Amino acid sequence: MEKKNTWETYDVKQLKALEKLCEGYREFLDNGKTERECVDTIVNTVEAAGYRELNVLLKENAALKPGDKVYSVWMNKSVALFQIGRKPMEAGMNILGAHIDSPRMDIKQNPLYEDGGFAYLDTHYYGGVKKYQWVTIPLALHGVVVKRDGTTIELNVGENEDDPVFFVSDLLIHLASEQLEKKAAKVIEGEALDIIVGNKPLVIDKKAKKTDENGKKDDKKEAAKDAVKAGILQILKDNYDMEEEDFISAELEVVPAGKAREAGFDRSMILAYGQDDRVCAYTSLQAMLDLKKTDRTVCCILVDKEEIGSVGATGMQSRFFENAVAEVMNLCGEYSELALRRCLAHSCMLSSDVSSAYDPSYASSFDKKNVAYLGGGMVFNKFTGARGKSGSNDANAEYIAHIRDIFAKEKINFQTAELGKVDLGGGGTIAYILALYGMNVIDSGVAVLNMHAPWEATSKADIYEAYRGYIAFAKYADDEKI
(Lines give C-alpha, C1' and ligand atoms only; values in the text may rest on other atoms or scores of the structure.)
Protein backbone atom coordinates (compact mmCIF):
# COMPACT_ATOMS: atom_id res chain seq x y z
CA MET A 1 0.00 0.00 0.00
CA GLU A 2 1.45 3.36 -1.04
CA LYS A 3 2.35 5.68 1.81
CA LYS A 4 0.83 9.14 1.52
CA ASN A 5 1.67 12.39 3.22
CA THR A 6 -1.27 13.38 5.39
CA TRP A 7 -0.51 17.10 5.08
CA GLU A 8 -1.75 16.99 1.48
CA THR A 9 -5.30 16.12 2.61
CA TYR A 10 -5.98 19.15 4.84
CA ASP A 11 -8.01 22.25 4.10
CA VAL A 12 -7.52 25.60 5.85
CA LYS A 13 -10.03 24.83 8.61
CA GLN A 14 -8.31 21.55 9.44
CA LEU A 15 -4.89 23.18 9.49
CA LYS A 16 -6.14 25.71 12.04
CA ALA A 17 -7.61 22.93 14.19
CA LEU A 18 -4.34 21.02 13.92
CA GLU A 19 -2.26 23.97 15.11
CA LYS A 20 -4.62 24.63 18.01
CA LEU A 21 -4.44 21.00 19.12
CA CYS A 22 -0.65 20.94 18.93
CA GLU A 23 -0.34 24.20 20.83
CA GLY A 24 -2.32 22.63 23.67
CA TYR A 25 -0.19 19.49 23.39
CA ARG A 26 3.06 21.42 23.85
CA GLU A 27 1.60 23.08 26.92
CA PHE A 28 0.57 19.68 28.27
CA LEU A 29 4.12 18.38 27.80
CA ASP A 30 5.60 21.40 29.57
CA ASN A 31 3.26 21.02 32.55
CA GLY A 32 3.52 17.22 32.79
CA LYS A 33 7.06 15.90 32.84
CA THR A 34 6.21 13.28 35.47
CA GLU A 35 3.22 11.00 36.02
CA ARG A 36 2.11 13.03 39.04
CA GLU A 37 2.27 16.29 37.10
CA CYS A 38 0.32 14.71 34.23
CA VAL A 39 -2.40 13.52 36.60
CA ASP A 40 -2.64 16.95 38.24
CA THR A 41 -2.99 18.60 34.83
CA ILE A 42 -5.55 16.03 33.66
CA VAL A 43 -7.68 16.36 36.80
CA ASN A 44 -7.74 20.16 36.56
CA THR A 45 -8.72 19.89 32.89
CA VAL A 46 -11.49 17.31 33.24
CA GLU A 47 -13.04 18.93 36.32
CA ALA A 48 -13.36 22.15 34.33
CA ALA A 49 -15.13 20.07 31.65
CA GLY A 50 -17.72 18.71 34.08
CA TYR A 51 -16.16 15.44 35.22
CA ARG A 52 -16.80 14.46 38.85
CA GLU A 53 -14.52 12.41 41.08
CA LEU A 54 -15.62 8.85 41.68
CA ASN A 55 -14.85 8.92 45.41
CA VAL A 56 -17.10 11.96 45.87
CA LEU A 57 -19.93 10.24 44.02
CA LEU A 58 -19.51 7.13 46.17
CA LYS A 59 -19.83 9.18 49.36
CA GLU A 60 -22.95 10.81 47.98
CA ASN A 61 -24.30 7.43 46.85
CA ALA A 62 -25.07 9.16 43.57
CA ALA A 63 -26.76 7.47 40.62
CA LEU A 64 -25.15 7.78 37.19
CA LYS A 65 -27.11 8.28 33.98
CA PRO A 66 -26.18 8.50 30.29
CA GLY A 67 -23.99 11.49 29.56
CA ASP A 68 -22.50 11.68 33.08
CA LYS A 69 -18.73 12.06 33.30
CA VAL A 70 -16.62 10.47 36.02
CA TYR A 71 -12.92 10.23 36.82
CA SER A 72 -10.93 8.13 39.26
CA VAL A 73 -7.32 8.76 40.33
CA TRP A 74 -5.10 6.06 41.79
CA MET A 75 -2.12 7.05 43.98
CA ASN A 76 -1.75 10.29 42.03
CA LYS A 77 -0.09 8.42 39.15
CA SER A 78 -2.88 6.82 37.11
CA VAL A 79 -6.32 8.02 36.11
CA ALA A 80 -9.43 6.54 34.50
CA LEU A 81 -12.12 8.67 32.81
CA PHE A 82 -15.65 7.49 32.01
CA GLN A 83 -18.46 9.00 29.95
CA ILE A 84 -21.60 6.97 30.52
CA GLY A 85 -23.34 5.81 27.34
CA ARG A 86 -26.95 5.09 26.47
CA LYS A 87 -26.47 1.31 26.39
CA PRO A 88 -25.94 -0.72 29.58
CA MET A 89 -22.27 -1.06 30.52
CA GLU A 90 -22.68 -4.82 30.36
CA ALA A 91 -22.75 -4.39 26.56
CA GLY A 92 -19.14 -3.24 26.75
CA MET A 93 -17.15 -0.02 26.61
CA ASN A 94 -14.97 1.67 24.03
CA ILE A 95 -11.62 2.16 25.75
CA LEU A 96 -8.74 4.48 24.92
CA GLY A 97 -5.59 3.55 26.83
CA ALA A 98 -2.11 5.09 27.02
CA HIS A 99 0.68 5.53 29.54
CA ILE A 100 2.03 8.72 31.11
CA ASP A 101 5.40 7.54 32.42
CA SER A 102 8.52 8.09 30.31
CA PRO A 103 12.20 7.05 30.40
CA ARG A 104 14.21 9.15 32.83
CA MET A 105 16.56 8.97 35.79
CA ASP A 106 15.24 8.51 39.33
CA ILE A 107 17.05 9.82 42.43
CA LYS A 108 18.08 7.02 44.79
CA GLN A 109 17.00 6.99 48.44
CA ASN A 110 20.46 7.80 49.83
CA PRO A 111 21.70 9.95 46.97
CA LEU A 112 23.64 12.98 48.18
CA TYR A 113 27.43 12.75 48.33
CA GLU A 114 30.56 14.80 47.68
CA ASP A 115 33.57 13.85 45.60
CA GLY A 116 36.37 15.95 44.12
CA GLY A 117 34.76 19.21 45.14
CA PHE A 118 31.39 18.40 43.55
CA ALA A 119 28.09 17.52 45.21
CA TYR A 120 26.22 14.73 43.41
CA LEU A 121 22.82 13.08 43.48
CA ASP A 122 23.03 9.35 42.77
CA THR A 123 20.51 8.08 40.20
CA HIS A 124 18.99 4.89 38.81
CA TYR A 125 17.77 5.12 35.24
CA TYR A 126 14.14 4.19 34.54
CA GLY A 127 13.02 2.42 31.39
CA GLY A 128 14.99 1.68 28.25
CA VAL A 129 17.55 4.39 27.59
CA LYS A 130 20.77 4.87 25.68
CA LYS A 131 22.76 6.09 28.67
CA TYR A 132 25.23 8.11 26.61
CA GLN A 133 22.39 10.38 25.44
CA TRP A 134 21.86 11.72 28.96
CA VAL A 135 25.29 13.27 29.56
CA THR A 136 26.22 16.97 29.19
CA ILE A 137 22.63 18.16 28.59
CA PRO A 138 20.71 20.51 30.91
CA LEU A 139 18.59 18.52 33.34
CA ALA A 140 15.71 19.45 35.63
CA LEU A 141 14.52 17.91 38.89
CA HIS A 142 10.80 17.18 39.34
CA GLY A 143 8.92 15.33 42.02
CA VAL A 144 7.78 15.18 45.61
CA VAL A 145 9.34 14.74 49.02
CA VAL A 146 7.04 13.44 51.74
CA LYS A 147 8.19 14.17 55.29
CA ARG A 148 7.53 11.86 58.23
CA ASP A 149 4.56 13.94 59.35
CA GLY A 150 2.93 13.51 55.92
CA THR A 151 3.78 16.98 54.64
CA THR A 152 4.37 16.88 50.88
CA ILE A 153 6.99 19.13 49.32
CA GLU A 154 6.83 19.62 45.55
CA LEU A 155 10.04 20.25 43.64
CA ASN A 156 10.32 21.59 40.12
CA VAL A 157 13.78 23.01 39.52
CA GLY A 158 15.35 23.72 36.14
CA GLU A 159 12.42 24.75 33.96
CA ASN A 160 12.16 28.50 34.56
CA GLU A 161 14.70 30.82 32.98
CA ASP A 162 16.04 31.90 36.37
CA ASP A 163 16.27 28.33 37.72
CA PRO A 164 19.57 26.49 37.97
CA VAL A 165 19.90 23.30 35.94
CA PHE A 166 21.85 20.11 36.60
CA PHE A 167 23.98 17.84 34.42
CA VAL A 168 25.92 14.60 34.11
CA SER A 169 29.55 15.13 33.16
CA ASP A 170 31.42 13.31 30.41
CA LEU A 171 35.11 12.68 29.75
CA LEU A 172 36.77 15.27 27.55
CA ILE A 173 37.67 14.09 24.04
CA HIS A 174 41.40 14.61 24.67
CA LEU A 175 41.40 11.81 27.28
CA ALA A 176 38.71 9.60 25.80
CA SER A 177 40.67 7.20 23.58
CA GLU A 178 39.97 4.20 25.84
CA GLN A 179 36.36 5.24 26.41
CA LEU A 180 35.69 5.46 22.69
CA GLU A 181 36.81 1.87 22.19
CA LYS A 182 33.94 0.61 24.35
CA LYS A 183 30.61 -0.56 22.97
CA ALA A 184 27.87 2.07 23.05
CA ALA A 185 26.11 0.26 25.94
CA LYS A 186 29.27 0.62 28.05
CA VAL A 187 30.53 4.07 27.04
CA ILE A 188 28.52 5.49 29.94
CA GLU A 189 27.84 3.09 32.81
CA GLY A 190 24.61 3.27 34.80
CA GLU A 191 26.47 4.14 37.99
CA ALA A 192 28.09 7.08 36.19
CA LEU A 193 24.74 8.81 35.62
CA ASP A 194 24.98 10.87 38.79
CA ILE A 195 23.97 14.49 38.41
CA ILE A 196 26.16 17.35 39.57
CA VAL A 197 24.17 19.64 41.86
CA GLY A 198 26.84 21.92 43.34
CA ASN A 199 30.47 22.99 43.61
CA LYS A 200 30.41 25.72 46.27
CA PRO A 201 31.50 24.94 49.84
CA LEU A 202 29.29 26.09 52.67
CA VAL A 203 30.49 29.51 53.83
CA ILE A 204 30.86 29.58 57.61
CA ASP A 205 29.94 32.73 59.49
CA LYS A 206 32.99 34.00 61.38
CA LYS A 207 30.91 34.46 64.51
CA ALA A 208 30.08 30.77 64.45
CA LYS A 209 33.72 29.61 64.48
CA LYS A 210 34.53 27.23 67.29
CA THR A 211 37.62 26.59 69.42
CA ASP A 212 39.23 23.27 70.28
CA GLU A 213 39.90 21.89 73.80
CA ASN A 214 42.97 24.14 74.22
CA GLY A 215 41.07 27.28 73.34
CA LYS A 216 42.60 27.61 69.88
CA LYS A 217 40.51 28.54 66.86
CA ASP A 218 39.51 25.50 64.84
CA ASP A 219 38.14 26.90 61.57
CA LYS A 220 39.55 24.13 59.36
CA LYS A 221 37.95 21.24 61.19
CA GLU A 222 34.40 22.51 60.69
CA ALA A 223 34.76 23.43 57.01
CA ALA A 224 36.98 20.62 55.73
CA LYS A 225 34.64 17.61 55.49
CA ASP A 226 31.97 17.56 52.73
CA ALA A 227 31.56 21.33 52.76
CA VAL A 228 29.96 21.34 49.29
CA LYS A 229 27.44 18.69 50.35
CA ALA A 230 26.76 20.72 53.48
CA GLY A 231 26.05 23.73 51.30
CA ILE A 232 23.47 21.78 49.28
CA LEU A 233 21.80 20.52 52.45
CA GLN A 234 21.58 24.09 53.71
CA ILE A 235 19.89 25.18 50.46
CA LEU A 236 17.42 22.29 50.69
CA LYS A 237 16.66 23.24 54.29
CA ASP A 238 16.23 26.93 53.57
CA ASN A 239 14.17 26.53 50.38
CA TYR A 240 12.18 23.37 51.05
CA ASP A 241 12.45 22.67 54.79
CA MET A 242 13.99 19.35 53.78
CA GLU A 243 16.50 17.23 55.70
CA GLU A 244 18.87 14.69 54.17
CA GLU A 245 16.88 11.78 55.61
CA ASP A 246 13.79 13.02 53.75
CA PHE A 247 15.26 11.62 50.52
CA ILE A 248 14.18 8.22 51.85
CA SER A 249 10.51 9.04 51.25
CA ALA A 250 10.96 11.07 48.07
CA GLU A 251 10.07 10.46 44.44
CA LEU A 252 12.35 12.73 42.45
CA GLU A 253 12.80 12.38 38.71
CA VAL A 254 15.58 13.80 36.54
CA VAL A 255 14.33 14.90 33.12
CA PRO A 256 15.66 17.08 30.30
CA ALA A 257 15.23 20.78 31.07
CA GLY A 258 13.37 22.91 28.57
CA LYS A 259 10.06 23.39 26.83
CA ALA A 260 8.52 21.49 23.94
CA ARG A 261 9.42 23.19 20.66
CA GLU A 262 8.22 23.29 17.09
CA ALA A 263 10.80 21.72 14.80
CA GLY A 264 11.77 22.36 11.18
CA PHE A 265 11.66 25.54 9.12
CA ASP A 266 8.10 24.55 8.25
CA ARG A 267 7.22 23.95 11.94
CA SER A 268 5.74 20.59 10.92
CA MET A 269 7.12 18.66 13.89
CA ILE A 270 7.31 18.83 17.66
CA LEU A 271 10.56 18.15 19.51
CA ALA A 272 10.13 17.46 23.21
CA TYR A 273 10.83 15.16 26.12
CA GLY A 274 8.29 12.50 27.10
CA GLN A 275 6.31 12.12 23.91
CA ASP A 276 6.44 8.38 24.53
CA ASP A 277 3.66 8.11 25.48
CA ARG A 278 2.18 11.46 26.40
CA VAL A 279 1.44 12.11 22.74
CA CYS A 280 -1.18 9.33 22.87
CA ALA A 281 -2.28 10.30 26.37
CA TYR A 282 -3.01 13.90 25.36
CA THR A 283 -4.85 13.04 22.16
CA SER A 284 -6.91 10.39 23.98
CA LEU A 285 -7.74 12.90 26.72
CA GLN A 286 -8.70 15.58 24.21
CA ALA A 287 -10.89 13.10 22.34
CA MET A 288 -12.73 12.33 25.59
CA LEU A 289 -13.28 16.02 26.26
CA ASP A 290 -14.68 16.65 22.78
CA LEU A 291 -17.03 13.65 22.68
CA LYS A 292 -20.78 14.12 22.50
CA LYS A 293 -23.17 11.60 24.05
CA THR A 294 -22.46 8.07 22.84
CA ASP A 295 -24.30 4.76 22.65
CA ARG A 296 -21.58 2.85 24.50
CA THR A 297 -19.80 4.03 27.60
CA VAL A 298 -16.40 5.46 26.67
CA CYS A 299 -13.40 5.11 28.94
CA CYS A 300 -9.90 6.55 28.86
CA ILE A 301 -7.19 5.00 31.05
CA LEU A 302 -3.85 6.78 31.47
CA VAL A 303 -1.47 4.68 33.49
CA ASP A 304 1.96 4.52 35.08
CA LYS A 305 4.86 2.04 34.92
CA GLU A 306 4.49 0.91 31.29
CA GLU A 307 8.16 1.58 30.63
CA ILE A 308 9.16 -1.04 33.21
CA GLY A 309 6.53 -3.69 32.49
CA SER A 310 3.26 -2.15 33.75
CA VAL A 311 4.00 -3.49 37.23
CA GLY A 312 3.16 -2.13 40.69
CA ALA A 313 0.00 -0.70 42.16
CA THR A 314 -0.23 2.05 39.53
CA GLY A 315 0.67 -0.10 36.52
CA MET A 316 -1.85 -1.71 34.21
CA GLN A 317 -1.29 -5.13 35.78
CA SER A 318 -2.86 -3.91 39.03
CA ARG A 319 -6.63 -4.09 39.63
CA PHE A 320 -7.26 -0.37 39.97
CA PHE A 321 -8.95 -0.15 36.56
CA GLU A 322 -11.13 -3.20 37.11
CA ASN A 323 -12.11 -1.87 40.54
CA ALA A 324 -13.01 1.53 39.08
CA VAL A 325 -15.20 -0.09 36.42
CA ALA A 326 -16.99 -2.11 39.11
CA GLU A 327 -17.68 1.03 41.16
CA VAL A 328 -18.99 2.92 38.12
CA MET A 329 -21.26 0.00 37.17
CA ASN A 330 -22.56 -0.06 40.74
CA LEU A 331 -23.47 3.64 40.54
CA CYS A 332 -25.25 2.85 37.27
CA GLY A 333 -27.25 0.17 39.08
CA GLU A 334 -25.72 -2.59 36.97
CA TYR A 335 -23.04 -4.23 39.07
CA SER A 336 -22.64 -7.94 39.53
CA GLU A 337 -19.52 -10.03 39.10
CA LEU A 338 -21.00 -11.54 35.93
CA ALA A 339 -22.02 -8.14 34.55
CA LEU A 340 -18.49 -6.80 35.18
CA ARG A 341 -16.94 -9.73 33.33
CA ARG A 342 -19.35 -9.28 30.44
CA CYS A 343 -18.60 -5.55 30.31
CA LEU A 344 -14.86 -6.13 30.02
CA ALA A 345 -15.19 -9.03 27.57
CA HIS A 346 -17.46 -7.03 25.23
CA SER A 347 -15.27 -3.92 25.31
CA CYS A 348 -13.22 -2.65 22.37
CA MET A 349 -9.89 -0.97 22.99
CA LEU A 350 -7.23 1.06 21.25
CA SER A 351 -4.07 0.44 23.25
CA SER A 352 -2.30 3.61 22.24
CA ASP A 353 1.44 3.83 22.34
CA VAL A 354 4.08 5.25 20.03
CA SER A 355 5.54 3.38 17.10
CA SER A 356 9.01 3.68 15.62
CA ALA A 357 9.19 6.15 12.72
CA TYR A 358 11.27 5.40 9.64
CA ASP A 359 14.65 7.08 9.85
CA PRO A 360 16.53 7.24 6.51
CA SER A 361 19.82 7.59 8.40
CA TYR A 362 19.32 4.06 9.76
CA ALA A 363 17.36 2.53 6.90
CA SER A 364 18.82 -0.96 7.36
CA SER A 365 16.95 -1.39 10.66
CA PHE A 366 13.50 -1.05 9.08
CA ASP A 367 11.25 -2.98 6.75
CA LYS A 368 10.23 -0.14 4.44
CA LYS A 369 6.97 -1.88 3.48
CA ASN A 370 5.93 -2.25 7.12
CA VAL A 371 7.12 0.85 8.92
CA ALA A 372 5.46 4.07 10.04
CA TYR A 373 6.45 7.33 8.39
CA LEU A 374 6.28 10.76 10.00
CA GLY A 375 3.32 12.51 8.40
CA GLY A 376 1.71 9.24 7.35
CA GLY A 377 -1.18 9.46 9.82
CA MET A 378 -2.18 7.44 12.85
CA VAL A 379 -0.36 4.11 13.21
CA PHE A 380 -1.77 0.63 13.83
CA ASN A 381 0.42 -2.26 14.94
CA LYS A 382 -1.44 -5.54 14.55
CA PHE A 383 1.19 -7.00 16.88
CA THR A 384 4.28 -5.83 18.72
CA GLY A 385 6.44 -8.15 20.80
CA ALA A 386 9.96 -9.28 20.00
CA ARG A 387 11.15 -11.50 17.17
CA GLY A 388 8.57 -14.33 17.13
CA LYS A 389 5.88 -11.91 18.44
CA SER A 390 6.88 -12.88 21.98
CA GLY A 391 4.93 -10.88 24.56
CA SER A 392 2.57 -9.48 21.95
CA ASN A 393 -1.14 -8.94 21.65
CA ASP A 394 -2.05 -9.97 18.11
CA ALA A 395 -5.31 -8.32 17.05
CA ASN A 396 -7.77 -10.42 15.06
CA ALA A 397 -8.66 -9.64 11.45
CA GLU A 398 -12.36 -9.04 12.11
CA TYR A 399 -11.60 -6.29 14.61
CA ILE A 400 -9.14 -4.58 12.29
CA ALA A 401 -11.70 -4.68 9.49
CA HIS A 402 -14.26 -3.03 11.79
CA ILE A 403 -11.83 -0.20 12.58
CA ARG A 404 -10.92 0.18 8.91
CA ASP A 405 -14.60 0.63 8.12
CA ILE A 406 -15.01 3.32 10.79
CA PHE A 407 -11.92 5.19 9.65
CA ALA A 408 -12.95 5.05 5.99
CA LYS A 409 -16.34 6.57 6.81
CA GLU A 410 -14.73 9.31 8.93
CA LYS A 411 -11.85 9.87 6.47
CA ILE A 412 -9.15 9.25 9.07
CA ASN A 413 -5.63 8.95 7.66
CA PHE A 414 -3.83 5.93 9.06
CA GLN A 415 -0.95 3.57 8.34
CA THR A 416 0.14 0.15 9.56
CA ALA A 417 3.56 -0.77 10.87
CA GLU A 418 5.84 -3.10 12.76
CA LEU A 419 8.62 -2.19 15.19
CA GLY A 420 11.57 -2.64 12.86
CA LYS A 421 12.87 -5.75 11.14
CA VAL A 422 11.74 -9.09 12.50
CA ASP A 423 14.98 -10.09 14.20
CA LEU A 424 15.84 -6.55 15.30
CA GLY A 425 12.55 -5.11 16.50
CA GLY A 426 10.70 -5.57 19.74
CA GLY A 427 8.60 -3.78 22.27
CA GLY A 428 5.47 -4.02 24.30
CA THR A 429 2.44 -2.02 25.40
CA ILE A 430 -0.47 -2.50 27.80
CA ALA A 431 -2.51 -4.24 25.08
CA TYR A 432 -1.81 -7.81 26.17
CA ILE A 433 -2.97 -7.03 29.71
CA LEU A 434 -6.41 -5.79 28.65
CA ALA A 435 -6.68 -8.65 26.16
CA LEU A 436 -6.68 -11.02 29.15
CA TYR A 437 -10.32 -10.01 29.71
CA GLY A 438 -11.16 -11.31 26.24
CA MET A 439 -11.83 -7.88 24.74
CA ASN A 440 -10.79 -6.80 21.26
CA VAL A 441 -7.55 -4.81 21.50
CA ILE A 442 -5.15 -3.41 18.95
CA ASP A 443 -2.00 -1.31 19.34
CA SER A 444 -2.29 2.13 17.82
CA GLY A 445 -0.73 5.54 18.21
CA VAL A 446 1.73 8.02 16.74
CA ALA A 447 5.08 7.48 15.04
CA VAL A 448 8.08 8.89 16.92
CA LEU A 449 11.60 9.67 15.76
CA ASN A 450 14.37 9.42 18.42
CA MET A 451 12.15 7.21 20.58
CA HIS A 452 13.32 7.01 24.24
CA ALA A 453 15.90 9.74 23.68
CA PRO A 454 15.84 12.86 25.86
CA TRP A 455 14.29 14.72 22.94
CA GLU A 456 11.79 12.91 20.71
CA ALA A 457 10.20 14.11 17.46
CA THR A 458 6.63 13.73 16.18
CA SER A 459 4.62 15.06 13.26
CA LYS A 460 1.81 17.51 13.96
CA ALA A 461 -0.24 15.79 11.26
CA ASP A 462 0.04 12.42 12.99
CA ILE A 463 -0.97 13.96 16.31
CA TYR A 464 -4.06 15.47 14.72
CA GLU A 465 -5.01 12.23 12.97
CA ALA A 466 -4.65 10.27 16.22
CA TYR A 467 -7.02 12.71 17.92
CA ARG A 468 -9.53 12.40 15.07
CA GLY A 469 -9.17 8.63 15.04
CA TYR A 470 -9.81 8.33 18.77
CA ILE A 471 -13.04 10.30 18.48
CA ALA A 472 -14.23 8.15 15.57
CA PHE A 473 -13.40 4.94 17.44
CA ALA A 474 -15.08 6.11 20.65
CA LYS A 475 -18.30 6.95 18.81
CA TYR A 476 -18.68 3.96 16.53
CA ALA A 477 -16.71 0.90 17.72
CA ASP A 478 -19.04 -1.92 18.77
CA ASP A 479 -18.18 -5.59 19.23
CA GLU A 480 -21.68 -6.55 18.05
CA LYS A 481 -20.67 -5.39 14.56
CA ILE A 482 -17.57 -7.59 14.47
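The values are calculated or read from the model by the stated rules, or taken from the named source; none is laboratory data. What you see is a predicted model, and the numbers here were worked out from it, not measured in a lab. Using ideal geometry, Cβ is built from the backbone for each residue, glycine included, and neighbour counts are taken over all protein chains shown.
Tabulated values for the structure
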read-out	value
Condition met for Phe366 (of a type in the set (Phe, Trp, Tyr), in the same structural domain as Lys87 (by TED's automatic domain parsing) and touching a strand residue (DSSP E or B) at 6+ places or on another chain (Cβ under 6 Å))	no
Residue in region 324-347 that is of a type outside the set (Asp, Glu), assigned by TED's automatic domain parsing to the domain that holds Tyr464 and over 30 Å from Lys481 (Cβ atoms) present	no
Qualifying positions in region 472-482 - assigned to a helix (DSSP H, G or I) and buried (at least 24 other Cβ atoms within 10 Å of the Cβ)	Phe473, Ala474
Test: residue in region 452-475 that is at pLDDT below 95, within 21 Å of the chain's Cα centre (by Cα) and over 16 Å from Gly97 (Cα atoms)	no
In region 446-462, the residues that are assigned to a helix (DSSP H, G or I) and either within 21 Å of Phe383 (Cα to Cα) or out of contact with any strand residue (DSSP E or B) (no Cβ under 9 Å at 6 or more places or on another chain) (or both)	Ala461, Asp462
Qualifying residue in region 58-70 (condition: within 18 Å of Phe320 (Cα to Cα), in contact (Cβ under 8 Å) with a residue 40 or more places away in the chain and among the β-branched types (Val, Ile, Thr))	yes
Test result for Leu285, buried (at least 20 other Cβ atoms within 10 Å of the Cβ), within 20 Å of Ser72 (Cβ to Cβ) and at pLDDT 95 or above	yes
Complete set of residues in region 318-331 that are part of a loop (DSSP other than H, G, I, E, B) and crowded, with 18+ Cβ neighbours inside 10 Å	Ser318
Hits in region 135-189 - residues which are within 20 Å of Val255 (Cα to Cα) and acidic (Asp, Glu)	Glu154, Glu159, Glu161, Asp162, Asp163, Asp170, Glu189
Single condition Glu213 does not satisfy, out of (1) modelled with pLDDT of 95 or more; (2) surrounded by fewer than 18 Cβ atoms within 10 Å (Cβ to Cβ)	(1)
